[in-house]
Amino acid sequence: MAKSIDVSDLNIYYGDFLAVEGVNMTIPARSVTALIGPSGCGKSTFLRSLNRMHEVLPGAHVDGKVLIDGQSLYDPSVDPVEVRRMVGMVFQRPNPFPTMSIYENVLAGMRLNHQKIKKAAADDIVERALKAANLWKEVSDRLGKPGMGLSGGQQQRLCIARAIAVQPQVLLMDEPCSALDPISTSAIEDLIHELKTDYTIVIVTHNMQQAARVSEDTAFFNIAGAGKPGKLIEMNSTKKIFSVPDEPATEAYISGRFG
């Protein structure tokens, strides 16, 4: 069941350095929200705070609130591992586990959670996840072969299958197409459209056209200069952001006058 995300007064730190300041936004369930903005403005840092990935770095921490369906992700009683199961992540470069088969790659997240899975159930999970990632037809006859043997676009869809095999409610994507060719990019974008019926999706992208194509809402982040924190400048429907944004800085970025 896809969930909405409510972020309030979120400050994200690396040690003493304030990387992202004062973010307030609501990310609707079962839709795609794109995060755009120049390099270094905190988009990926913010994305990683939504499943507590950024705190893997020593000294990284947050102030403020991130609620998924009313549940605080940063409550002391909440297990970060459970957060990462509920909020899946797909990275910029496809990263299948190199020693694992396609089949085992899909199940890797389940195994990390120490779930014992019977063979028949495992077969079902693999087929369901690969079908959901639009990869089943291409790989069903070679599930025992290494995941690294796939093309870049197939590897990225394998990573999406791995992320959704554990049945998360939210899927975070950090520039998932930046390492891919246009045909693979198009396949991933089509897949994002299909997945949003079941998942809440947040995608960081440097590609304005991609943000316009895949998302219902867009959040524009910006930074005043080196050493300053990234800030959310505007969040609106994608249609509005790309036609009549509220903020002059948003329009300047979208029209290519800076960044």
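The values are calculated or read from the model by the stated rules, or taken from the named source; none is laboratory data. Note that the coordinates shown come from a computational prediction; the quantities given were computed from them, not determined experimentally. In this analysis, Cβ positions are derived from the backbone assuming ideal geometry, glycine residues included, and neighbour counts consider all displayed protein chains. Keep in mind that these areas ignore ligands, DNA and RNA; they rest on the heavy atoms of the full protein, side chains included. Shrake-Rupley method; radii C 1.70, N 1.55, O 1.52, S 1.80 Å.
Answer with yes or no whether L47 is in a strand (DSSP E or B) and in contact with a strand residue (DSSP E or B) (Cβ under 8 Å, 6 or more places away or on another chain).
no
Does the range 168-178 contain at least one residue that is within 30 Å of P38 (Cβ to Cβ), in contact (Cβ under 8 Å) with a residue 12 or more places away in the chain and either surrounded by fewer than 16 Cβ atoms within 10 Å (Cβ to Cβ) or β-branched (V, I, T) (or both)?
Checked the range 168-178: at least one residue is within 30 Å of P38 (Cβ to Cβ), in contact (Cβ under 8 Å) with a residue 12 or more places away in the chain and either surrounded by fewer than 16 Cβ atoms within 10 Å (Cβ to Cβ) or β-branched (V, I, T) (or both).
Examine the range 65-80 for a residue that is in a loop (DSSP other than H, G, I, E, B), surrounded by fewer than 21 Cβ atoms within 10 Å (Cβ to Cβ), at positive phi and of a type in the set (D, E), and state whether such a residue exists.
Yes; the residues of the range 65-80 include at least one that is in a loop (DSSP other than H, G, I, E, B), surrounded by fewer than 21 Cβ atoms within 10 Å (Cβ to Cβ), at positive phi and of a type in the set (D, E).
Determine whether G256 is touching a strand residue (DSSP E or B) at 6+ places or on another chain (Cβ under 7 Å), farther than 30 Å from V62 by Cα and either surrounded by 20 or more Cβ atoms within 10 Å (Cβ to Cβ) or without any contact (Cβ under 8 Å) to a residue 24 or more places away in the chain (or both).
No.
If I go through the range 56-75 residue by residue, how many of them are farther than 23 Å from Y199 by Cβ and basic (K, R)?
Looking only at that region, the number is 0.
May I ask you to say which residue of T205, T200 is open to solvent by less than 50 Å² (accessible area, probe 1.4 Å), out of contact with any helix residue (DSSP H, G or I) (no Cβ under 9 Å at 6 or more places or on another chain) and in contact (Cβ under 8 Å) with a residue 60 or more places away in the chain?
Among T205, T200, only T200 is open to solvent by less than 50 Å² (accessible area, probe 1.4 Å), out of contact with any helix residue (DSSP H, G or I) (no Cβ under 9 Å at 6 or more places or on another chain) and in contact (Cβ under 8 Å) with a residue 60 or more places away in the chain.
Looking at the structure I just gave you, is R93 farther than 17 Å from I12 by Cβ, touching a Ser or Thr at 6+ places or on another chain (Cβ under 9 Å), surrounded by fewer than 17 Cβ atoms within 10 Å (Cβ to Cβ) and of a type in the set (D, E, K, R)?
yes
Does N134 satisfy being assigned to a helix (DSSP H, G or I) and either surrounded by 13 or more Cβ atoms within 10 Å (Cβ to Cβ) or basic (K, R) (or both)?
In short, no.
I'm trying to understand the selection: among the residues of the range 30-54, which are of a type in the set (G, A, S) and open to solvent by less than 40 Å² (accessible area, probe 1.4 Å)?
Once the filter is applied, which keeps residues that are of a type in the set (G, A, S) and open to solvent by less than 40 Å² (accessible area, probe 1.4 Å), the range 30-54 yields S31, A34, G37, G42, S44, S49.
Could you check how many residues of the range 109-131 are in a helix (DSSP H, G or I), out of contact with any Phe, Trp or Tyr (no Cβ under 6 Å at 6 or more places or on another chain) and open to solvent by less than 80 Å² (accessible area, probe 1.4 Å)?
Number satisfying all stated conditions: 9.
State yes or no: is A224 free of Cβ contacts under 8 Å to residues at least 24 places away in the same chain and either in contact with a Phe, Trp or Tyr (Cβ under 6 Å, 6 or more places away or on another chain) or open to solvent by 30 Å² or more (accessible area, probe 1.4 Å) (or both)?
yes
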